[in-house]
Amino acid sequence: MSRVGALLLAPGAGADRNQPTLVAVERAVAPLPTARIDFPYRKAGRRAPDKAPVLVQCVRDEAAALVAEAHIRANRLALGGRSMGGRMCSMAVAEGLAARALVLISYPLHPPGRADRLRVEHLPAIDVPCLFVHGTADPFGAPEELTAATATIPGDVTHVWIEGRGHDLKGADAKVASTVADFLRGLR
């Protein structure tokens, strides 16, 4: 396995590329080439996210651009992000996008209060190392729910729990960023 050569980060549904967590991660992994992206609906000034196929295609396009810019092979790219952004990256990898690893912060396992609507169909197709950084009080998925769902991932899975934090992981950006940096440095 090769080391990580670049990192692509995608924001959650209600944010843009300047989401504080993503900025903190980029600083923590420096000088690793990093791209924080915006999805098409954000670029167009809309609040409502596009459908998943549009978002996944955006991840593919931005990944190809970063691989070219960083002059690396596609299998050295790590990607992920917060909530919906991380989920779209995981879907792109499950659909065949080459990657070295996934970094999934506050993965939206299901809508709050709707544990019957799991967003896990693609997980068994992910065969790269995955880091899940998640609050123990996240209404989008309790630790035991996320642990059970991610057991279907063939690649190595690492969970880091932020005690007492919800989906926004408020006040934990430094912890999230250092966790991501340590995980990426540990990949060989």
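Tally the residues that are closer than 17 Å to Gly80 by Cβ, modelled with pLDDT of 95 or more and not hydrophobic (A, V, I, L, M, F, W, C), restricting the search to segment 142-167.
Matching residues across segment 142-167 total 5.
Among (1) modelled with pLDDT of 95 or more; (2) at negative phi, there is one condition His71 misses while meeting the rest; what is its number?
It is condition (2) that His71 fails.
Can you tell me which of Arg73, Arg82 is in contact (Cβ under 8 Å) with a residue 12 or more places away in the chain and exposed (fewer than 14 other Cβ atoms within 10 Å of the Cβ)?
Exactly one of Arg73, Arg82 is in contact (Cβ under 8 Å) with a residue 12 or more places away in the chain and exposed (fewer than 14 other Cβ atoms within 10 Å of the Cβ), namely Arg73.
Step by step: first the residues of segment 168-188, then only those that are surrounded by 17 or more Cβ atoms within 10 Å (Cβ to Cβ) and of a type in the set (A, V, I, L, M), then the one that is modelled with the lowest pLDDT. Which residue is that?
Leu187
So Gly96 fits all but one of (1) over 26 Å from Ala174 (Cβ atoms); (2) not in a loop (DSSP other than H, G, I, E, B); what number is the exception?
Of (1) over 26 Å from Ala174 (Cβ atoms); (2) not in a loop (DSSP other than H, G, I, E, B), only one is false for Gly96: (2).
Of all residues being touching a residue at least 40 places away in the same chain (Cβ under 8 Å) and touching a Pro at 6+ places or on another chain (Cβ under 8 Å) in segment 14-36, which is nearest to Thr179 (Cα to Cα)? Just the residue, please.
Step by step, filter segment 14-36, then rank; the result is Leu22.
Kindly indicate which of Ala24, Ala78, Ala6, Ala65 is among the small types (Gly, Ala, Ser), farther than 22 Å from Leu169 by Cα, modelled with pLDDT of 95 or more and within 15 Å of the chain's Cα centre (by Cα).
Checking each option against the conditions leaves just Ala6.
Could you list all residues from segment 127-176 that are within 16 Å of Gly12 (Cβ to Cβ) and of a type in the set (Gly, Ala, Ser)?
Gly135, Gly141, Gly166, Ala172
Could you list all residues from segment 146-156 that are surrounded by fewer than 17 Cβ atoms within 10 Å (Cβ to Cβ), assigned to a helix (DSSP H, G or I) and not β-branched (Val, Ile, Thr)?
Ala148, the sole residue that qualifies.
Restricting to helices (runs of 4 or more DSSP H) lying wholly in segment 15-82: which have 3 or more residues that are more than 23 Å from His134 (Cα to Cα) and out of contact with any Ser or Thr (no Cβ under 8 Å at 6 or more places or on another chain)?
Here the list reads 40-43, 52-70.
The values are calculated or read from the model by the stated rules, or taken from the named source; none is laboratory data. Just so you know, these numbers come straight off a predicted model, no measurement behind them. Counting neighbours? That spans all protein chains shown, and the Cβs are built from the backbone with ideal geometry, glycine included.
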